[in-house]
Amino acid sequence: MRSLISNCWLFFSLLSVMFFLSITETSLASRNEAEMLPKNIQAVLNHRNLEPSSLSVMMIDLESDEVILSWNPDTKRTPASVMKLFTTASALDILGPSYRWSTEFYVLGEIENKILDGDLLIRGKGDPFLTTENVWKMLRRIKQKGIDEIKGDLLIDDSFFNYPNHDPAKFDNEPLRSYNVGPNALLFNFKSVRFFIDSNRRNRSVTITEDPKLDNVKIINELELIDSDCIGYQRGIRIITSKKYDKLIFRGSFPTECEDFSLFRSVLSHDQFNFGVFKSTWKDLGGRFDGELKNTVHDNESPPFYSHDSVMLSSAVKSINKNSNNVMSRNLLLTLAAESEDLPATKEKGRVRVNEWLLQNNFDIESFFLDNGSGLSREASLTVRQVTDLLKFVYRSDFMPEFISSLSINGLDGTMSDRFENDEISGKFHIKTGSLDHVSSLAGYMNYEGKRYAFAIIQNAEDVHKGFGEEVQEALMRWLYSYGNKNILKN
């Protein structure tokens, strides 16, 4: 009897051990599978001679927190514009989706018979979306409030932000590119002009018009018309500028087949750009002004003559993430610093505010460096695990709808509008893209029949920005979509 009991005990013990080993083996197999690159991804890497070590990937199931794919998740990477996710998410949580900026107008003198005998002062407080349309609305309101002529000067107070000595040529020696514009407390139209170039076959000439029109920028047109298709980098246009970016020379050969071609370029300093926009807009509204531009710091506590409220933060964040707007993101980081009431705002104070927010919400910030908040940086760094941790946190937050709606939808809008058009996976992903020389990145969410996944893909390798990185990303997106399909069928 004792022998029988002993044998039974031994049998059940062995059965338990076998069951445990089976469960452990299944768990390890599942984990190992998640830590292996799918064969189709390996094939793309091999085809493009890209080292697997250059790639970091993290994909998670947001319902179960299960890691479904992990490859170099803790390797420090240069993220490019994927970094904007941290700037915008922290701002939505700290400031709230309904936050608005204000731009204040003060009259320093008496108004009589619609004539201001004195100066008009504009105090900027960081609004990143003062487009030409919004500038027109502001100045129209000034006229409606009883001013047709300004006898004094235009005073600008942009001391709310302290961002000295921004060199637009420092990053890539492209000072005219709009993505290199530095932040400013008074930011008109992203400090950018849209140039429209049109061919006239009848008189064999090329015309250039600009929006907004700036009287303090000289445009010299040396373009020649050639019989050609509308192809080539910048359609054959070269732009040469002066040191102050107040004179642009357009040279080169422009094709006859080009219609409605345009490009955006940044000109002048912030002050001079704002001055030029003010003068042309005021004149268009029928206002009179012959004064000069002066900088000042307005420390008078008297109420403004007029205060313009911006779009809500949720709307601004949508412009930042869908269009990957660098200067708006830079302004937002400085706004976070300004709202901590430690003025003037600096990017260093902004970084501290974001890091504090991350730590308060139990994020690991080792390897994380925000730099200027836009991702246009060689110093900015993070890991894909940190990105998916952020995406998971946001997914369970009160501001999740505003954040997800700010991301580009593949095949439909933003920086993803031309990727996966008319494809079975079109519209299934909400994405933030990123690209610098030798950097290609992508992060966001996938929705498959109500089930959501978060993912981050970053690759740092020579020439990966020349389309090779996008091939890897698209293969990974298709793999995730296929995984979602199998998961639905399995359940």
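The values are calculated or read from the model by the stated rules, or taken from the named source; none is laboratory data. Predicted model only: the values in this text are computed from it and were never measured. Methodologically, a virtual Cβ is constructed for each residue, glycine included, from the backbone with ideal geometry; neighbour enumeration extends over all protein chains shown.
Among the strands (runs of 3 or more DSSP E) confined wholly to segment 235-320, which include 1 or more residues that are over 24 Å from Ser159 (Cα atoms) and at pLDDT below 95?
237-241, 247-255, 261-265
Across segment 193-209, which residue is nearest to Lys279 (Cα to Cα) among those that are modelled with pLDDT of 95 or more and either among the acidic types (Asp, Glu) or buried (at least 19 other Cβ atoms within 10 Å of the Cβ) (or both)?
Selected residue: Val193.
Take the residues in segment 212-227 that are farther than 21 Å from Ser242 by Cβ and not hydrophobic (A, V, I, L, M, F, W, C); name whichever of them is surrounded by the most Cβ atoms within 10 Å (Cβ to Cβ).
The qualifying residue surrounded by the most Cβ atoms within 10 Å (Cβ to Cβ) is Glu224.
Scanning for something farther than 12 Å from Val82 by Cα, touching a His at 6+ places or on another chain (Cβ under 8 Å) and without any contact (Cβ under 8 Å) to a residue 24 or more places away in the chain, does segment 453-463 turn up at least one residue?
Within segment 453-463, none of the residues are farther than 12 Å from Val82 by Cα, touching a His at 6+ places or on another chain (Cβ under 8 Å) and without any contact (Cβ under 8 Å) to a residue 24 or more places away in the chain.
Among what's in segment 448-468 and is out of contact with any Ser or Thr (no Cβ under 6 Å at 6 or more places or on another chain) and more than 20 Å from Arg48 (Cβ to Cβ), pick the residue that is surrounded by the fewest Cβ atoms within 10 Å (Cβ to Cβ).
Gly450
Sort through Phe264, Phe273 and tell me the only one that's closer than 30 Å to Leu336 by Cα, among the hydrophobic types (A, V, I, L, M, F, W, C) and surrounded by 16 or more Cβ atoms within 10 Å (Cβ to Cβ).
Details: Phe264 fails: surrounded by 16 or more Cβ atoms within 10 Å (Cβ to Cβ).
Among Phe264, Phe273, only Phe273 is closer than 30 Å to Leu336 by Cα, among the hydrophobic types (A, V, I, L, M, F, W, C) and surrounded by 16 or more Cβ atoms within 10 Å (Cβ to Cβ).
Going through segment 318-349 one residue at a time, which ones are under 19 Å from Phe369 (Cα atoms) and basic (Lys, Arg)?
Within segment 318-349, Arg330, Lys347, Lys349 qualify.
Scan (1) without any contact (Cβ under 8 Å) to a residue 24 or more places away in the chain; (2) touching a Lys or Arg at 6+ places or on another chain (Cβ under 7 Å) for the single condition Glu356 breaks and write down its number.
It is condition (2) that Glu356 fails.
Give the residue, chosen from Phe161, Phe129, that is in contact with a strand residue (DSSP E or B) (Cβ under 8 Å, 6 or more places away or on another chain) and aromatic (Phe, Trp, Tyr).
Result: Phe161 is the single residue among Phe161, Phe129 that is in contact with a strand residue (DSSP E or B) (Cβ under 8 Å, 6 or more places away or on another chain) and aromatic (Phe, Trp, Tyr).
For Ser406, indicate whether it is out of contact with any strand residue (DSSP E or B) (no Cβ under 8 Å at 6 or more places or on another chain) and buried (at least 24 other Cβ atoms within 10 Å of the Cβ). Give the derivation first.
Details: out of contact with any strand residue (DSSP E or B) (no Cβ under 8 Å at 6 or more places or on another chain): yes; buried (at least 24 other Cβ atoms within 10 Å of the Cβ): yes.
Taking the combined requirement at face value, the residue satisfies it.
So, in segment 60-87, of the ones that are out of contact with any strand residue (DSSP E or B) (no Cβ under 9 Å at 6 or more places or on another chain) and either more than 27 Å from Tyr448 (Cβ to Cβ) or in contact (Cβ under 8 Å) with a residue 12 or more places away in the chain (or both), which residue ends up surrounded by the fewest Cβ atoms within 10 Å (Cβ to Cβ)?
Asp65
Only one residue in Gly414, Gly427, Gly444, Gly450 is at positive phi and either of a type in the set (Val, Ile, Thr) or in contact (Cβ under 8 Å) with a residue 60 or more places away in the chain (or both). Which one?
Gly414
Can you confirm whether Tyr445 is over 23 Å from Ser319 (Cβ atoms), in the same structural domain as Leu480 (by TED's automatic domain parsing) and either of a type in the set (A, V, I, L, M, F, W, C) or surrounded by 20 or more Cβ atoms within 10 Å (Cβ to Cβ) (or both)? Quick ask: steps written out before the conclusion?
Values: over 23 Å from Ser319 (Cβ atoms): no; in the same structural domain as Leu480 (by TED's automatic domain parsing): yes; either of a type in the set (A, V, I, L, M, F, W, C) or surrounded by 20 or more Cβ atoms within 10 Å (Cβ to Cβ) (or both): yes.
The answer is no for Tyr445.
Is at least one residue of segment 384-396 assigned by TED's automatic domain parsing to the domain that holds Val57, surrounded by fewer than 23 Cβ atoms within 10 Å (Cβ to Cβ) and outside any helix (DSSP H, G or I)?
Within segment 384-396 (the criterion being assigned by TED's automatic domain parsing to the domain that holds Val57, surrounded by fewer than 23 Cβ atoms within 10 Å (Cβ to Cβ) and outside any helix (DSSP H, G or I)), the answer is yes, since at least one residue qualifies.
Quick one: which residue in Glu356, Glu366 is modelled with pLDDT of 95 or more and outside any loop (DSSP other than H, G, I, E, B)?
None of the others qualify; the one that does is Glu356.
Answer yes if at least one residue in segment 136-157 is within 22 Å of the chain's Cα centre (by Cα) and of a type in the set (A, V, I, L, M, F, W, C), and no otherwise. Show your work before the answer.
Step one: filter segment 136-157 for residues within 22 Å of the chain's Cα centre (by Cα), giving none.
No: zero hits.
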